[in-house]
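Here's the structure, in structure tokens; my notes come after.
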Amino acid sequence: MISSRPVLVIEDDDDTRTALVEVLHLEKIRAVGAQDGAAAIDHFHEGLRPAVIVLDLGLPLVSGEQFLKARRLDPALASIPVVVITGREAKAEDFSGMNVKDVLRKPFDPWRVVEVVRPFCVGESGIPPGASPNGSLSPSEN
């Protein structure tokens with residue numbers, strides 16, 4: 001696996017959430033899904049600390065925007081970068097102070113999500129955990 005910490009995908013549409021998690025797994029990136037902001041908050045209370053969050057803005061119960069505002073209250077959660085997915089026109093600058101790194105407009109290519117989150121999933125050295133300096137994964141990671 002590239003990431004020791006997972007990507008948290010917060011998306012209410014089951015098919016979209018499942019597809020994103022599966023595409024990330026295909027790329028050896030750990031991923032966990034949550035159906036809404038409340039479920040994501042439950043994951044945090046259980047100790048989950050993802051490398052990056054993929055967040056749909058149009059969520060039931062706790063909306064994506066409410067989730068962004070609530071996580072700002074906890075410095076550990078506020079430090080986790082976010083990639084927003086939305087059906088509306090938006091850009092990262094629209095979410096000042098919320099650690100939003102990119103905004104992808106629906107419909108989007110799931111492989112684009114992989115491209116955007118991958119940099120957050122590499123080790124601090126820039127080399128993915130389990131990889132040799134020449135870039136290949138160790139046999140246990142393949």
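The values are calculated or read from the model by the stated rules, or taken from the named source; none is laboratory data. The model shown is predicted, which means the values in this text are computed figures rather than measured ones. Here the Cβ is made from the backbone with ideal geometry for all residues, glycine too, and neighbour counts use every protein chain on show.
For the reader, a short list of remarks on this structure follows.
- In the stretch 29-44, residue farthest from the chain's Cα centre (by Cα) [restricted to those that are small (Gly, Ala, Ser) and within 16 Å of Leu73 (Cα to Cα)]: Ala38
- Filter result (within 21 Å of Val62 (Cα to Cα), of a type in the set (Val, Ile, Thr) and in contact with a helix residue (DSSP H, G or I) (Cβ under 9 Å, 6 or more places away or on another chain)) within the stretch 16-44: Thr16, Val32, Ile41
- Positions within the stretch 44-68 being farther than 26 Å from Asp94 by Cα and touching a strand residue (DSSP E or B) at 6+ places or on another chain (Cβ under 7 Å), in sequence order: Leu48
- Of all the numbered requirements in (1) more than 17 Å from Gln35 (Cβ to Cβ); (2) modelled with pLDDT of 90 or more; (3) not β-branched (Val, Ile, Thr), Arg88 misses one, and that requirement is (2).
- Selection within the stretch 71-109 - surrounded by fewer than 17 Cβ atoms within 10 Å (Cβ to Cβ) and either farther than 26 Å from Ala19 by Cβ or touching an Asp or Glu at 6+ places or on another chain (Cβ under 8 Å) (or both): Arg72, Leu73, Asp74, Pro75, Ala76, Ala78, Ser79, Ala92, Glu93, Ser96, Gly97, Arg105
- From the list Val21, Val9, the one residue that fits, being assigned to a helix (DSSP H, G or I) and within 22 Å of Arg105 (Cα to Cα), is Val21.
- For the stretch 17-49, filtered to residues that are of a type in the set (Val, Ile, Thr) and touching a residue at least 24 places away in the same chain (Cβ under 8 Å), the residue that is surrounded by the fewest Cβ atoms within 10 Å (Cβ to Cβ) is Val32.
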